[in-house]
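No value in this document is a laboratory result; all are computed from the given coordinates. All values derive from a computational prediction rather than experimental measurement. Backbone-built Cβ (ideal geometry, glycine too); neighbour counts: all protein chains shown.
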Amino acid sequence: MADKSERKERVMHTRIPESLDIQLRDKAKGLGVSVSNLVRNALANTIDLVDDIVSDSVDIARTATKEAADILADAELKVQEAEIPAPKPSTEQHPMVLGWQRLVLNLEAICSSCNVTLPKGVEAAYGIVASPGTDTGIPPFICTKCLEELSHEPTINR
């Protein structure tokens, strides 16, 4: 009798929809095992699978964090090594611009003063021109650094 109690450590009862009951019975019959064995094996395999997924996710996150830090360090080094040209005065480059309006870009642009790439989502300034379409047809954008150079007061990064 001691053997019987050791084999069946715990009994679990649960309510399931009829459709799941039919699926379990059909699957167990197809595999030639009891519904209890099918459910027991499915639960054990699922728990092992979740453990593996969590472990793999932690490894992936560590690797991604390390690679992102390496990429950032490389980019910072390149920026330090690069010689960034000083912006040219706006009056020479943009004679038709009446003023500059700050905005957050919804597209990628290039600063028309210093040629730096302005990715989507960064703050920049849009040139309001006296006669739209008389120049190149491309609206002028400048980076916040060039805008600060034009301004009498330093801009405040938000």
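Length gained on full extension, V33 to I138: 30.6 nm, using 0.36 nm per residue less the C-alpha separation. Peptides 12-22, 37-47, 106-116 ordered by packing proxy, namely the average of other Cβ atoms within 10 Å per residue, highest first: 106-116, 37-47, 12-22. If the segment from A69 to D26 were pulled out straight at 0.36 nm per residue, it would be longer than the present Cα-Cα gap by 10.3 nm.
Packing here is the average count of other Cβ atoms within 10 Å per residue, and on that basis the peptides 27-34, 140-147, highest first, run 140-147, 27-34. The distance between label points at A61 and M12 comes to 2.5 nm (points 7 Å beyond Cα on the Cα→Cβ vector).
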